[in-house]
1. Project the alpha carbons of the stretch 146-276 onto their principal axes and report the range along each, largest first, in whole Å.
2. Where does helix 3-20 land angle-wise versus the long Cα axis of the chain, in degrees 0 to 90, nearest 10?
3. Considering Cα pairs under 8 angstrom that are at least six residues apart, work out the relative contact order of the chain and quote it in whole percent.
4. Note down the nm distance, to one decimal, between modelled labels 7 Å out along Cα→Cβ at Asn208 and at Val62.
5. Roughly how big is the chain's charge dipole about its Cα centre, with Cβ charges of +1 (Lys, Arg) and -1 (Asp, Glu), in debye to the nearest 20?
6. Can you give me the distance in nm between label points at Ser95 and Ser41, each placed 7 Å from the Cα along the Cα-to-Cβ direction?
7. Which of rounded, prolate or oblate describes the stretch 69-129 when judged by the alpha-carbon gyration tensor and an a/c cut-off of 1.5?
8. Run the helix sum for the chain: -39,500 (n - 2.57) per DSSP H stretch of 4+ residues, divided by residue count, reported at 222 nm to the nearest 500 deg cm²/dmol.
Amino acid sequence: MDKGAGLRPVILFIALVWFCEARVVKVPVGPLVHVEGQAISIRCDVSDYEGVRDQEFDWSLVHGDKLLPLISTFESDFVDPSMRDRVNSGDISYSKLGDAAVELKFKKVRATDSGVYRCSTPSTDSVSKGNYHDDVELKVIGDSLKVAPAISKSAVAEGESVDLQCTATRGFTEHTFLSVTWSIRKGSSPLEEILTFGPDDKIKVGGNYTQRYTDGGLLLDLRGGGFYGLILKRAKPSDQGEYVCTAQEWVRQGEEGKNWRKILEKSEEMGKVVVTPTGESHLILFSAPCYVSL
């Protein structure tokens, strides 16, 4: 029997244990798309490490083959002079989320903050193994979302159609997608969702409107050019109320872009619709003096 053959499984097992225990530093899958002026955070985690339980982190901005030091959980003077004012003012900061996780935070992210960010962990392992940093791209876009609603008729008779028109546009970007939601507020009641289209061209119907949509009582008018229309056929008295159009801007996130993340939302009042009931009988009573002779 070949003695080497018996050693191979042992060597393989040791190699697997070695690999599984290798340090892993991980940031989200990019690009991370955010809108200028918003507060954002980027998370970084480390696992399978040796040494002290409470790990330290450094954040840097990657410029070609150079690193611009940004902020550190350990070294207060780690920051590059060009970024010191923003760090000192709290516009750029960090937050520890535990022994093995940290967030890089921007109070108001700027277009100039677009770039590749690196999260690094100093070694506390007996032998260097695994990865000690991970990079993620941040893309900061302008706020170009515009919402312009309209209602063709503010007063309709029962049985007529209510035409809700909403134009939602944004500056061209290859990374974002739109959804539009039509809602109604009846008196002092909370806003109630009627129907949402997008961001993946799918339709989501509000619970109280499911049967109406199934019966063909809700029709979408998607003629293009940012125009989104919803027609409520055979209006009912319950359709009376204040209508609202909400546009949302989304990006795909995660492995293979399977998840949706909302980055911006804008709502506009469309106006009030009055539905006049028909077919009602009205009883008019007249009163007159009554004289009694005694």
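Only the coordinates and a few stated rules stand behind these numbers; no lab work does. All values reported here derive from a predicted model rather than from experimental measurement. Quick reminder, even Gly has a Cβ in these numbers, built from the backbone with ideal geometry, and neighbours come from all protein chains shown.
1. 50, 30, 27
2. Taking the Cα atoms of the chain, the angle to 3-20 is about 50 degrees.
3. Numbers: 600 pairs, mean separation 49.9, N = 294.
The normalised contact order for the chain reaches 17 percent.
4. Modelled inter-label distance: 5.1 nm.
5. Working: 35 positive and 42 negative charges, 130 e Å.
Charge dipole, the chain, about its Cα centre: 620 debye, nearest 20.
6. 0.3 nm
7. Details: a/c = 1.91, a/b = 1.86, b/c = 1.03.
Cα axes put the stretch 69-129 in the prolate bin.
8. Details: 3 runs with 29 residues, N = 294.
Taken over the chain, the calculation gives -3000 deg cm²/dmol.
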